[in-house]
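Each remark here refers to the structure printed beneath this line.
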Number of protein chains: 2
Amino acid sequence: MKKLRVRFKLWLSTKNVEGVFGDGKWRLLRAIDSEGSLNAASKTLRISYRKAWGDLSKAEACLNVTLLERHRGGRMGGATCLTKQGKEWVKAYGKFHSEIEKATEKAYEKHIQELLR
Amino acid sequence: MKKLRVRFKLWLSTKNVEGVFGDGKWRLLRAIDSEGSLNAASKTLRISYRKAWGDLSKAEACLNVTLLERHRGGRMGGATCLTKQGKEWVKAYGKFHSEIEKATEKAYEKHIQELLR
DNA sequence: TTGCGATATGTCGAACTGTGCATAACCATG
DNA sequence: CATGGTTATGCACAGTTCGACATATCGCAA
C-alpha cells in the first residue's frame, strides 16, 4: 500500500455563482497583503495576472464586498492593498480553513488510517 | 449580501497520483452496492460508464485494493458488487466524510457567518 | 449455438479553464 | 510632458476533462 495523503478544498457559493470565495482567492488576498500589488502577488503564486484579477473581481462582485483598494498610475505604476474588510476576510477565512485542516487530518487518522490497519 | 453556502471536497492522493479516492468514487461505490452493476450505477449518478469504469480502475490500481467483484457474461450480461474491503471503504469513508461535513458547517457558522454579522 | 446485456477499452470531439498576448488607461516623478 | 510600471480587459490558443461512440469479450439461457 502506497502512502496516502489527505486533501481538502473549501469554497463558498451563492445560489447562482459557484466559487465566489475559496482557498485560491484567500491565498491571493494574503499575497497582495504582503506584496503590495496584484501583479507581484500573482507572480509569487505563479498564477497569471489575468486569472488573479478576474478571480478577485468576481469575489468582490458576488460577495458585494470591497476587499481591495486599487490604485493605478503613480510612481510605482500602481498598487493594491486590502481594505479593512479585506483583512477581516483573510483573518476569518484563515481560522475557518485552519479549523477544517485540523479536523480533516484528525478524521483521516481516525477513519482511513485505521482502515488501512 | 447574497446568501452563501459552504462547500467542501475531500480526496486522497499518493505521491504520484492525485485523486486516487474521493467523494465521487465513494458515491460510485455506494451506487454499485445498491444497484448491483456498474452500468446501472453510472446511470443513476449520471456519469458516463466510461468515466465510472476508469475512475474505479484507477482507485483499485493506485490503492492496491480490490474494491469490486466484477462478473462478465451470464444471464444478466454481468454484474458488479463490492468486496468485503469495498464495503469497509464505503463505511469508513462515509464516517470520514460525514465528520468533515459537520465540522465544516460548524466552522462556517462560527467564522464566516460571524464575519457577515 | 445464438442472443442478450454487462464489463472492458480505445478514440474523437465538445466544453471548460487558464495562459499568453495585446492594448488602453492611469498618474507620480524626472 | 514623456516614462515606467501597474491596473483593467478582451481575445485567441493550449491543455485537461468528460461524454458519446465504436468495438470486443464474456458466459448463461433459450
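For segment B:60-75, indicate whether the set of residues that are at the interface with chain A (Cβ under 9 Å from one of its Cβ atoms), within 16 Å of DNA strand D (Cβ to nearest atom) and either buried (at least 19 other Cβ atoms within 10 Å of the Cβ) or part of a helix (DSSP H, G or I) (or both) is non-empty.
yes
If I filter segment B:36-48 for residues that are assigned to a helix (DSSP H, G or I), within 14 Å of chain A (Cβ to nearest Cβ) and within 14 Å of DNA strand C (Cβ to nearest atom), do I get at least one hit? Spell out the reasoning first.
Kept after step one, since they are assigned to a helix (DSSP H, G or I), are these residues of segment B:36-48: B:38-44.
Adding the requirement that they be within 14 Å of chain A (Cβ to nearest Cβ) leaves none.
No, that holds for no residue.
Among what's in segment B:1-35 and is within 14 Å of another protein chain (Cβ to nearest Cβ) and of a type in the set (A, V, I, L, M), pick the residue that is farthest from DNA strand C (Cβ to nearest atom).
This residue is B:1.
Checking residue B:108 against (1) in a helix (DSSP H, G or I); (2) free of Cβ contacts under 8 Å to residues at least 40 places away in the same chain; (3) within 12 Å of chain A (Cβ to nearest Cβ); (4) open to solvent by less than 20 Å² (accessible area, probe 1.4 Å), which single condition isn't satisfied?
Among (1) in a helix (DSSP H, G or I); (2) free of Cβ contacts under 8 Å to residues at least 40 places away in the same chain; (3) within 12 Å of chain A (Cβ to nearest Cβ); (4) open to solvent by less than 20 Å² (accessible area, probe 1.4 Å), residue B:108 violates only (2).
Report whether or not residue B:13 is of a type in the set (S, T, N, Q) and surrounded by fewer than 13 Cβ atoms within 10 Å (Cβ to Cβ).
No: the conditions fail for residue B:13.
Mind checking which residues of segment B:22-41 are open to solvent by 60 Å² or more (accessible area, probe 1.4 Å) and out of contact with any Gly (no Cβ under 9 Å at 6 or more places or on another chain)?
B:27, B:34, B:35
Given the residues B:80, B:44, which is the only one that is touching a helix residue (DSSP H, G or I) at 6+ places or on another chain (Cβ under 6 Å), open to solvent by less than 30 Å² (accessible area, probe 1.4 Å) and over 23 Å from residue B:15 (Cα atoms)?
B:80
Which one is most open to solvent (accessible area, probe 1.4 Å) among residues in segment B:83-101 that are at the interface with another protein chain (Cβ under 9 Å from one of its Cβ atoms) and of a type in the set (D, E, K, R)?
B:91
Residue-wise test of (1) within 16 Å of DNA strand C (Cβ to nearest atom); (2) in contact with a strand residue (DSSP E or B) (Cβ under 8 Å, 6 or more places away or on another chain); (3) farther than 27 Å from residue B:113 by Cβ.
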site: A:57; (1), (2), (3): yes, no, no
site: A:61; (1), (2), (3): yes, no, no
site: A:67; (1), (2), (3): no, yes, no
site: A:82; (1), (2), (3): no, yes, no
site: A:106; (1), (2), (3): no, no, no
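Return yes when residue B:84 is under 13 Å from the mean Cα position of the chain (by Cα) and either more than 16 Å from DNA strand D (Cβ to nearest atom) or free of Cβ contacts under 8 Å to residues at least 12 places away in the same chain (or both) and no when it is not.
No: the conditions fail for residue B:84.
The values are calculated or read from the model by the stated rules, or taken from the named source; none is laboratory data. Since we're looking at a predicted model, the values are computed, not measured. No Cβ is skipped: glycine too gets one built from the backbone with ideal geometry, and neighbour counts run over all protein chains shown. The protein model used for the area step is the full one, side chains on, heavy atoms only, and it has no ligands, DNA or RNA in it. Shrake-Rupley method; radii C 1.70, N 1.55, O 1.52, S 1.80 Å.
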